[in-house]
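Peer 1: Before I ask anything, here is the structure I am working with.
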Amino acid sequence: MKKINLLFVLLFSFWIGQAQKSTDKILNSLDQQTAFYGNIAFQIWNYAEMGYQEEKSVELLSKTLENEDFQVKMGVAGMPTAFVAEYGSGSPIIAIMGEFDALPGLSQKAFPEKISDGKEAGHACGHHLFGTASTAAAISLKNWLKENNQKGTIRLYGTPAEEGGSGKVYLTRAGIFNDVDVVLHWHPNSANVANPGTALANKSAKFRFYGVSAHAAAAPEKGRSSLDGVESMNYMVNMMREHIPSDARIHYVITNGGKAPNVVPDFAEVYYYARHPQRDEVIKIFDRIVKAAEGAALGTGTRVEYEMIGGTHELLPNLTLQEVVYKNLQKVGGYTYTEEEKIFAEKIAQSLGTALEVKYVEGISPFNPNAKPGGSTDVGDVSYNVPTVGFGTATWVPGTAAHSWQAVAAGGTSIGVKGMMVAAKTLTITGIELFQNPELIKKAKAEFEERRGKDFQYAPLLGDREPALNYREN
């Protein structure tokens, strides 16, 4: 019996050693391809394509995956820039999500001072890094499956228009995640962090007011100002802020307020977001915003219509998966700045009014199971349909806020690439662990069902509308 036990221990130790060698080989390969993937990220950074306009970015990523023997299906769920790339067969099916859209009005050179490069948009949320790291990890996992003759399927979901366009909601609504066992994602950040933070549920819409044009001086009585409708709506919503939950958020921008002061505008438009940690509260707040719009139209003698643009669930955490990702992020570790990178980072920190602190660039932020939500993401809808887990890596200088020129600047440098490769490695070793450990997936699914509730019925907050493919066109 002792000989049998010893033999088992020896065989198990040998298997563990071989598996570790295989994983190390894959990670070393990623290190060797840093320049290759960095070049892809910088190309997408330069394209700076906004939601549902990411044609060049998608072509680059999809061709990269096709060249690595992935089967790529384009234009899924009614979105021309959405795609699914797949390699392997059978279970488990591990999915990785990749984003690639930029934000309007945030053009910036890769320079530590605010200098526009003259483009219409900029990658102020680092999605050029997001999509590239996810692609790198998918290819690495493909290589691992192939080299180890491992059964299973790896998928890369190319998810457009995260910034307000709710691309993943349409993918979820179409059932494209239905057969997936686990979804992995990551996001650029100013620190290396893997907390089970939630995100705010969100509903957004464009409110369009229609009035009557007239000469603003010669015949004002004949006019009905659509801009009056917008301003009246905004005034009522701003008064409403006192009477909504304190953790709610409402934002708006006037996207069209008329063309000339001496012409009573017959058209005006305002774009609204409503957010809250719970989607039920978001629905209530949004309904009140609609009532304010209707009242504004009635009071100004105008007419109002609104178009739903986006709607996302809050994130559903999964501690089983989160603990695994945190452990793997610790294994990968952070990175150190070169002297040139440090000079750049110090200038960025100076622009933020802070001193440079690299503790969570070189290391990993402590695990915090009670992290608070910040923004919104369409990953939320995915998380209510399949066990989902994410993390962030230090692609920006510490202290940098997303959606800022500082984020665009760092994302166009080697700092962004270094953080991106930390993400690619973490995704890779997490995927390997999931492929090797079916019990881990089983445990994650059990937690998922418990948190979601047995009576849960998925209903997208944006209803049955088709993708808002022109929402960035004004």
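Peer 1: Can you find even one residue in segment 69-77 that is of a type in the set (A, V, I, L, M), at negative phi, in contact (Cβ under 8 Å) with a residue 40 or more places away in the chain and in contact with a Lys or Arg (Cβ under 7 Å, 6 or more places away or on another chain)?
Peer 2: no
Peer 1: Looking at segment 20-38, is at least one residue at pLDDT 95 or above and outside any helix (DSSP H, G or I)?
Peer 2: Yes; the residues of segment 20-38 include at least one that is at pLDDT 95 or above and outside any helix (DSSP H, G or I).
Every residue, every condition in (1) touching a helix residue (DSSP H, G or I) at 6+ places or on another chain (Cβ under 9 Å); (2) modelled with pLDDT of 95 or more; (3) hydrophobic (A, V, I, L, M, F, W, C), yes or no:
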position	(1), (2), (3)
GLN322	no, yes, no
GLY334	yes, yes, no
GLN350	no, yes, no
GLY374	no, no, no
VAL379	yes, yes, yes
PHE391	yes, yes, yes
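Peer 1: Still on this model: GLY152 is checked against (1) surrounded by 24 or more Cβ atoms within 10 Å (Cβ to Cβ); (2) in contact with a strand residue (DSSP E or B) (Cβ under 9 Å, 6 or more places away or on another chain) and fails just one. What number does that condition carry?
Peer 2: (1)
Peer 1: Could you say whether any residue in segment 89-97 is in contact (Cβ under 8 Å) with a residue 60 or more places away in the chain, assigned to a strand (DSSP E or B) and farther than 21 Å from LYS168 by Cβ?
Peer 2: Yes, segment 89-97 has at least one match.
Peer 1: Follow-up question, since we're still on this one. Identify all residues within segment 140-159 that are assigned to a loop (DSSP other than H, G, I, E, B) and more than 25 Å from ALA82 (Cα to Cα); write none if there are none.
Peer 2: Within segment 140-159, ASN148, ASN149, GLN150, LYS151 qualify.
Peer 1: Of the numbered conditions (1) at pLDDT 95 or above; (2) closer than 21 Å to GLY375 by Cα; (3) touching a helix residue (DSSP H, G or I) at 6+ places or on another chain (Cβ under 9 Å), PHE209 satisfies every one except a single condition; which is it?
Peer 2: Every condition holds for PHE209 apart from (2).
Peer 1: Same structure, new question: In the set SER89, SER116, which member is over 20 Å from the mean Cα position of the chain (by Cα), of a type in the set (Gly, Ala, Ser) and within 22 Å of SER140 (Cα to Cα)?
Peer 2: The conditions single out SER89.
Peer 1: Looking at segment 245-284, which of the residues that are surrounded by fewer than 21 Cβ atoms within 10 Å (Cβ to Cβ) and among the aliphatic types (A, V, I, L, M) is farthest from the chain's Cα centre (by Cα)?
Peer 2: VAL263
Peer 1: Quick test of your reading of the structure: HIS127 fulfils all but one of (1) under 17 Å from the mean Cα position of the chain (by Cα); (2) over 30 Å from ILE432 (Cα atoms). Name the failing condition by number.
Peer 2: For HIS127, the exception is condition (2).
Peer 1: Would you pick out the residues in segment 70-128 that are of a type outside the set (A, V, I, L, M), under 26 Å from VAL386 (Cα atoms) and surrounded by fewer than 17 Cβ atoms within 10 Å (Cβ to Cβ)?
Peer 2: Hits for segment 70-128 are GLN71, LYS73, GLY75, GLY78, PRO80, SER89, GLY90, SER91.
Peer 1: Can you name the strands (runs of 3 or more DSSP E) wholly within segment 166-277 that have at least 1 residues being farther than 30 Å from PHE391 by Cβ?
Peer 2: The qualifying strands (runs of 3 or more DSSP E) are 201-210, 249-256, 267-276.
Peer 1: Could I ask something else about it? Which condition number does LYS331 fail, the rest of (1) of a type in the set (Lys, Arg); (2) over 19 Å from MET421 (Cα atoms); (3) loosely packed, with under 15 Cβ neighbours inside 10 Å being met?
Peer 2: Tallying (1) of a type in the set (Lys, Arg); (2) over 19 Å from MET421 (Cα atoms); (3) loosely packed, with under 15 Cβ neighbours inside 10 Å, LYS331 fails exactly one: (2).
Peer 1: Condition first: closer than 30 Å to TYR458 by Cβ and either over 16 Å from the mean Cα position of the chain (by Cα) or crowded, with 21+ Cβ neighbours inside 10 Å (or both). Can you find one or more residues in segment 212-219 that meet it?
Peer 2: no
Peer 1: Give just the number: which of (1) assigned to a helix (DSSP H, G or I); (2) free of Cβ contacts under 8 Å to residues at least 40 places away in the same chain does ALA296 not satisfy?
Peer 2: (2)
The values are calculated or read from the model by the stated rules, or taken from the named source; none is laboratory data. Bear in mind that the values here come from a model prediction, so they are computed numbers and not experimental data. So basically every Cβ, Gly included, is an ideal-geometry build from the backbone, and we count neighbours across all protein chains shown.
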